[in-house]
1. Using a 7 Å offset from the Cα along the Cα-to-Cβ direction at both Leu37 and Asn347, what is the distance between the two label points in nm, to one decimal?
2. Which percentage, to the nearest 5, of the DSSP beta bridges contained in the chain is antiparallel?
3. Counting each DSSP H run of 4 or more residues in the chain as -39500 (n - 2.57), what helix-only mean residue ellipticity at 222 nm follows after dividing by all residues, to the nearest 500 deg cm²/dmol?
4. What would the Debye formula give as log10 I(q)/I(0) at q = 0.05, 0.06, 0.13 Å⁻¹ for the alpha-carbon point model of the chain, no solvent?
5. Projected onto the charge dipole of the chain (+1 at Lys/Arg Cβ, -1 at Asp/Glu Cβ, origin at the Cα centre), which of Gly154, Leu247, Met325 gives the Cα projection farthest towards the positive end?
6. So which aspartates and glutamates can Lys334 reach, going by Cα to Cα under 16 Å and dropping same-chain residues fewer than 8 places off?
7. Just check the range 392-526 against the gyration tensor rule for me: Cα atoms, a ≥ b ≥ c as the square roots of the eigenvalues, rounded for a/c under 1.5, and otherwise prolate or oblate depending on whether a/b exceeds b/c.
8. Which three numbers, in whole Å and largest first, are the semi-axes of the equivalent ellipsoid of the range 361-458 derived from its Cα gyration tensor as √(5λ)?
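Throughout, read-outs are computed from the coordinates displayed, never taken from laboratory work. Values in this document were obtained by computation on a predicted structure and should not be read as measured data. We place every Cβ from the backbone using ideal geometry, glycine too, and count neighbours over all the protein chains shown.
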Amino acid sequence: MIRWDKQWLLVVRVGMGLLLAFIVGCVQHGSQTLKTLPFQITETTIGRVHQAFQAGDLNCQQLVEAYIGRIHQYDQTTKLNAIVLINPNAQQRATVLDEEFRSTQQLRALHCVPVILKDNYDTADMPTTGGSIVLKESLPPDDAYMVKKLRQAGAIILAKSNMAEWAFSPYFTVSSTSGETLNPYDLTRVPAGSSGGTAAAVAANLGLVGMGTDTGNSIRGPASHTALVGIRSTIGVTSRDGIIPLLLNRDIAGPMTRTVEDAARIFNVISGYDPADPVTIASKGRLPYDYTEYLKSNGLKGVRIGVLRSLINTPTADPEVVEIMQQAIADIKKLGAQIVDPFIVPNLQQLTRATGFCSRFRYDINNYFLSLTTNVSTIKLQDIMVSKRYHESSESGMKWAMSVNVAPERQKPPCVDVEGDPRRVALLNAVVAAMVQHQVDAVVYPTWNNPPRKVGDLDSPHGNNSPIIAPHSGQPAITVPMGFTKEGLPVGLQILGKPFSESRLFQFAYSYEQSTLHRKPPALFK
């Protein structure tokens, strides 16, 4: 009996040891995958991944495990803090997609593309918080329209990313759920906001592509600060259904990627009419079948590009950014473009100042709460304000939101879409008229006139050019990497187009990108 007890104790000890080894192995599995996987996932693209699938050099399970491994290896150990939650269903989904490919030998448009999703996109299988502790456990009743389209195309929602609480801040990414996200190129600096989590994650190669939202800046600004491509589409080209709103009359959602081609591939899937978002009816009959057909290395030859000097040579612009911008203009000219410099929109400053950002968040967010099926559906923004259940950095945003308590259409002037707001129409007409007069195909300027700020710095010049035109006029704009400062901080080139000219913006951005190849990964995350 005594001998049996000792043997049993030995078995238990050995069993516990094996179990511990298994658990440690599971935790370390991702980082081991990084070392043993023959396919290099750092800086890879959708096209390269699909080629590897077809060649038998990679499968979906390996790809997903490798990205999860990078998240475990880098996100918390470096304090990047870009990821809120890894999708617990991601690996199971990868298994299903591998079986599908083995059976059909066909790849869907985004087959096994691991997506980093900003935490304001509704997902039926993961909480959606908008960066707010109030929604920490909120599970939406269904997927946002774009999430549905991504999944239908074969994409895998790999993880949710941190965001500025309620998308309030264009300057930093701090939430009451997860704290602050840092810039992977310099962990003492910000990635901008509010899609800073997505930007930091994609830039650090924690996922293949990302999705953000942009009310005034929040795709293009963080993309620029992290050497990514980010596009804000024409209002009406993409659906806002199932996305936590900030200002619904200016909100846009879209891709944040390391290459223009990947952005165009995603845009093929997510753009178009959605009955749940009536504004998208404007896209009917106006979109190309395939945006990637416009990706031509000579795409700038013979086009006319306007240089918006009023957004470059500002009193607070960083001289190094201005110098990089000058080089970008020279590079565009070398590619065969005719430069219109300066490109002038009469009364631009007065027109943009007149439009402003009217406050309708209180109205829009209360409607979003009603769409939920959990007990959160009964909450109101006023309850959050009274209980102070928000991050201290959101105080001014909350007060701004609470200052207006009437429906958007009853505000004077009304806080509505472009067509219903004479101020926004006036701005759009002025910009388009100037482009037509000077036969300009697109307009360029720096996305930011200054490098990323230090964490906690709210006083030095920010140089944010993204909110000045596109959000108010409803025009599309894309940002693409145009270089780095001497300190290694990313700088972005923004290209503004006429309404529904996304295909041309992809064309121009691709030509510039391919000739300059400014994108490079952050040194800490290679």
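1. Between Leu37 and Asn347, the simple spin-label model gives 5.6 nm.
2. Counting DSSP beta bridges with both partners in the chain, the antiparallel share is about 70 percent.
3. Result for the chain, helices only: -11000 deg cm²/dmol.
4. -0.20, -0.28, -1.29
5. Met325
6. Once the sequence-local aspartates and glutamates are set aside, what remains near Lys334 is Glu513.
7. Oblate.
8. So the three semi-axes of the range 361-458 are 35, 23, 12 Å.
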